[in-house]
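For reference, the structure is listed below as structure tokens.
Please treat every number below as a calculation from the coordinates, not as lab data. Please read these numbers as outputs of a predicted model, since none were measured by experiment.
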Amino acid sequence: MTEETRLNNENERREEQTTETSSCEMADALARGARLLGLAALGAIVAVSESSSRFFRALVEKGEQSEPQARERLEALSRKVGRAAGRLEREARQLRERACGLARRSERYLDEKVASALRRAGLPTREEIQSLMARVDALHARLEALAERLQPESKPGA
């Protein structure tokens, strides 16, 4: 083997060792990077969990602090609504009473106008017609009584 061949072989061995060393170092670096990435992800999950827990607790505290004020506002609003409902009921009752009064006055007015028109036309009123009907009924009853008394006398052979 010549010196040149020996040097070539030696260079090739060194290159193989360098490649093997470089591949191992690269695999180690990748493993370290993957581990760091996993740890970072785990840390992010923990941080989000902790911050969301803190945020939730802060919201609960704000709610607890504002609950008495909200309840007071709601009660005040409820009282206002109750008073307004009472006023509306009173006003509705007054309007109903006014409407009924107006309807009664309108009916009386209309009755008076119809009666006046009937008098001008010479037509009898309801009361006059009822009075005449009562008189006719009384006359009818008297005629029947008279007919019963006369009937036995008009029978032949009696």
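For the reader, a short list of remarks on this structure follows.
- Using θ = phi - 60° and Karplus 6.51 cos²θ - 1.76 cosθ + 1.60, couplings along segment 22-34 (whole Hz; Gly, Pro as x): 5, 5, 5, 4, 5, 5, 5, 5, 5, 5, 4, x, 5
- Backbone geometry of segment 54-69 corresponds, through the Karplus equation with coefficients 6.51, -1.76 and 1.60 at θ = phi - 60°, to 3J(HN,Hα) couplings of 4, 4, 4, 4, 5, 5, 4, 4, 4, x, 5, 5, 8, 4, x, 5 Hz, x marking Gly and Pro.
- Taking the helices alone, the chain has a mean residue ellipticity at 222 nm of -35500 deg cm²/dmol, built from -39,500 (n - 2.57) per DSSP H run of at least 4 residues and averaged over all its residues.
- Rounded to whole numbers, the Karplus 3J(HN,Hα) couplings from phi for segment 44-49 are 5, 4, 5, 5, 5, 4 Hz, using 6.51 cos²θ - 1.76 cosθ + 1.60 with θ = phi - 60°, and x at Gly and Pro.
- Shown here: mean projected area of the Cα convex hull in nm², derived from the displayed model; of the candidates (i) 11.4; (ii) 41.3; (iii) 9.6, it corresponds to (ii).
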